[in-house]
Amino acid sequence: MSNERLFGRTLRGLAAAAALAATALPATAGGTLDAIKERGVIKVGVGTTPGFFSPDSEGKWQGFFIDYGRALSIAVFNEDGKVEFTNSSPQQRLPALQAGEFDILLSGVTVTINRAFNLGFHFGPTVFYDGQGILARKELGVTTATELDGAVIGVQSGTTGELNIADFFRKSGHEFTPVTIEDTSEFIAALESGRVDAITQDSSDLVGKLQQLKNPDDYVLLPERLSKEPLAPAIKAGDDQWLEIVNWTVYATIQAEEWGITSANVDEFLKSEDPAIQRFLGVDPSLAEAIGFKPDWAYKIIKTVGNYGEIYDRHLTPLGWERGYNDIWTNGGLLYSPPFR
Ligand SMILES: N[C@@H](CCC(=O)N[C@@H](CS)C(=O)NCC(=O)O)C(=O)O
C-alpha cells in the first residue's frame, strides 16, 4: 500500500475515532475526575527545585514533573495547559492533598508503606528512582558521610529525610544534630550562612538546589545514598478511576520510549503496520474506546510533551543526571510499562 493511501486511511481512522470517542472513563468513579472536569483544571501540588519544577522568567512552570501535569491535562481534557501548579512545602503538601486542595502531588513524593496504609495515599508509577544524599560545605573537608560525626545537619520537615538521617547516624554509631526546617529558601539559606554544616534531601533535589546556591563550588555532594526514594505521583486513596488515569498517562510515556516513538516521529508511527502501535496511537480506536479515553490521547501526549526519555533529557540531563535506574528496562533500567492491550 502506498504511503499516501496509508496516510489517507490513517486520517480517516482518526476522524472516525474522534467521532466515536466515548467520554465515559472507568466505572469505579471516586469523584476526582468529575470534580476536575467541572472545575476545568487539574490542581497539582509541586515544589520549587530546578529541573523538576520551577517557574521560568515569565512565571511559567517548567520541569520534569510539570510535563507529567501537562500529560495529565491531555489525558483528561484532550488539551495541554489545563493544570494549575501550586508550590507547597514538603510538610504541607500531603495534608493539603488529603484535604482536597490538590488532585495530585507531582512533587517528588516517595512511596512508603506508612503513607499508603496509615496516611491514606495511593501512588502512581515511580517516575524517578532516587536516593537520599547529603550536601556538605566543602570547608569541612569531608569526603564521605561517615566523617560527619558531630555535624549539624539541616533536614526538611515532613520529608522521609527526617527518619533516614536519624537511622543513618544510629546505624553508624555517630552523633549529629538535626535542624528541621520547613521552608525551602530557609533550608538553602541555612547551608549558605553556615547555620548547618550540611543539608540532606533526595539527591535529585540537592543537585537542583546546587543551581540555587550562590557559590555552588563551595559545596560537595557526598557519595552515599542513604535510602531508596522512589518518587511517584501521589493521590488521595480511594479513587481507582483517577489512579488508573495517572498510571496509564505515565505508562504511555514509558511505552512510547520503548517503541522509539518520539514527539518528532510520532506522525510517522501513525503509518505503522504494528497493531499494538495502531491501538496505542488511536489509529485503531478500539482500545481507547473500550476504556473511555479519546482515541488520540497517547498520540497527543507524545506529540506535545514527548516520551519519558525526551522529558528526562529536556529537564534532567542538563543537570548532569545520567539515566541509570531511570532508563527503560530494555536499556537495563527499571522503567517498565505494562502492555497496552
Ligand atoms: N522524597 C521525600 C522528599 C520530598 C521532597 O522534599 N521533594 C523535593 C523535590 S524532589 C522538594 O519538594 N523540595 C522542596 C522544594 O522543591 O521546594 C519525601 O517524599 O518526603
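The values are calculated or read from the model by the stated rules, or taken from the named source; none is laboratory data. Bear in mind that the values here come from a model prediction, so they are computed numbers and not experimental data. Counting neighbours? That spans all protein chains shown, and the Cβs are built from the backbone with ideal geometry, glycine included.
Quick rundown of the values:
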{"read-out": "Some residue of segment 191-199 being at pLDDT 95 or above, within 16 Å of the ligand (Cβ to nearest atom) and under 21 Å from the mean Cα position of the chain (by Cα)", "value": "no"}
{"read-out": "Single unsatisfied condition, residue 159 versus (1) in a helix (DSSP H, G or I); (2) under 17 Å from residue 88 (Cα atoms)", "value": "(1)"}
{"read-out": "Every pair of residues 6+ apart whose Cβ atoms lie under 7 Å, when the first sits in segment 200-221 and is farther than 15 Å from residue 139 by Cβ and in a helix (DSSP H, G or I) while the second is near the ligand (Cβ under 10 Å from one of its atoms) and charged (D, E, K, R)", "value": "203/130; 204/130"}
{"read-out": "Test: residue in segment 293-307 that is surrounded by fewer than 15 Cβ atoms within 10 Å (Cβ to Cβ) and either outside the structural domain of residue 257 (by TED's automatic domain parsing) or in a loop (DSSP other than H, G, I, E, B) (or both)", "value": "no"}
{"read-out": "Of residues in segment 138-152 being closer than 15 Å to residue 172 by Cβ and of a type in the set (Gly, Ala, Ser), the one surrounded by the most Cβ atoms within 10 Å (Cβ to Cβ)", "value": "145"}
{"read-out": "Flag for residue 284 being outside any helix (DSSP H, G or I), acidic (Asp, Glu) and more than 16 Å from the ligand (Cβ to nearest atom)", "value": "yes"}
{"read-out": "Residue that is surrounded by the fewest Cβ atoms within 10 Å (Cβ to Cβ) [pool: residues in segment 96-137 that are in a helix (DSSP H, G or I) and within 14 Å of the ligand (Cβ to nearest atom)]", "value": "113"}
{"read-out": "Residue match in segment 67-78 (condition: among the β-branched types (Val, Ile, Thr) and more than 22 Å from residue 30 (Cα to Cα))", "value": "no"}
{"read-out": "Some residue of segment 57-72 being closer than 22 Å to residue 227 by Cβ, over 14 Å from the mean Cα position of the chain (by Cα) and in a helix (DSSP H, G or I)", "value": "no"}
{"read-out": "Hey, residue 91 away from the ligand (no atom under 12 Å from the Cβ), in contact (Cβ under 8 Å) with a residue 60 or more places away in the chain, surrounded by fewer than 22 Cβ atoms within 10 Å (Cβ to Cβ) and in the same structural domain as residue 294 (by TED's automatic domain parsing) or not", "value": "no"}
